[in-house]
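Have a look at the structure below before the remarks.
The values are calculated or read from the model by the stated rules, or taken from the named source; none is laboratory data. Everything numeric in this text was worked out from a predicted model, so none of it was measured. Don't worry about glycine lacking a Cβ; one is built from the backbone with ideal geometry, like all the others, and counts go over all protein chains shown.
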Amino acid sequence: MKRDQKETQINATNAIFAKNDTFYLFDYNKMTVAQSVDLRKTLRRQGSGFKVIKNRLALRALKAEFPETLKTAFRKPTAIAYTDADPVVLAKALRDFAVQNKVLVMKGGMVQGQYVPAERFDEITKLASRQDLLGKIGYLMASPLMKLIRTFQAPLGTLGGLMSQLKDKKQ
């Protein structure tokens, strides 16, 4: 590979690291081309990306603020799945693909700027997605207000019923 091609790949990898605060590194050694295409399509549909990277060039693209433990993950064939959206959705898609095809071996990654070793990847996949958590927070915030409104409406409804009975009694 020529020097200008290497520089292009380093810049592309650097752009991935700069733009996306969440990425997972994994070993794709036994993955077929068809499986790779299927994984790329799945990840692209949810707004994520997938790229096979050269370890030496990726290490040159890594910034100094990344931990040293992340740099040790760049051994053997390495691919990167990245997103700037919900990290849990990407992790679940990778887990589902790994369970279905039995080809991915997680090496580690970064989740919103925090290093995550391969052992903790399953913990991420068990989390609820960002939208689910926001929905739960919204429900928890709205629930007391809804109860308060129902409390205020109850006497008015009862008063309306009493007035209707009084009207019927007078007639």
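Modelled with pLDDT of 85 or more, over 28 Å from L59 (Cα atoms) and not assigned by TED's automatic domain parsing to the domain that holds T32: which single residue out of L156, L162, L134 fits that description? Reasoning before the result, please.
On the way: L156 fails: modelled with pLDDT of 85 or more; L162 fails: modelled with pLDDT of 85 or more.
Result: L134 is the single residue among L156, L162, L134 that is modelled with pLDDT of 85 or more, over 28 Å from L59 (Cα atoms) and not assigned by TED's automatic domain parsing to the domain that holds T32.
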### Task
With the condition kept exactly as written, say whether any residue in region 94-115 is modelled with pLDDT of 85 or more, within 12 Å of the chain's Cα centre (by Cα), among the aliphatic types (A, V, I, L, M) and within 17 Å of D38 (Cα to Cα).
yes
### Message
I need the full set of residues from region 38-57 which are within 17 Å of the chain's Cα centre (by Cα), more than 16 Å from N11 (Cβ to Cβ) and either surrounded by fewer than 12 Cβ atoms within 10 Å (Cβ to Cβ) or not aromatic (F, W, Y) (or both), in order please.
### Response
L39, R40, K41, T42, L43, R44, R45, Q46, G47, S48
### Query
among the charged types (D, E, K, R) and surrounded by 10 or more Cβ atoms within 10 Å (Cβ to Cβ), is that true of D168?
no
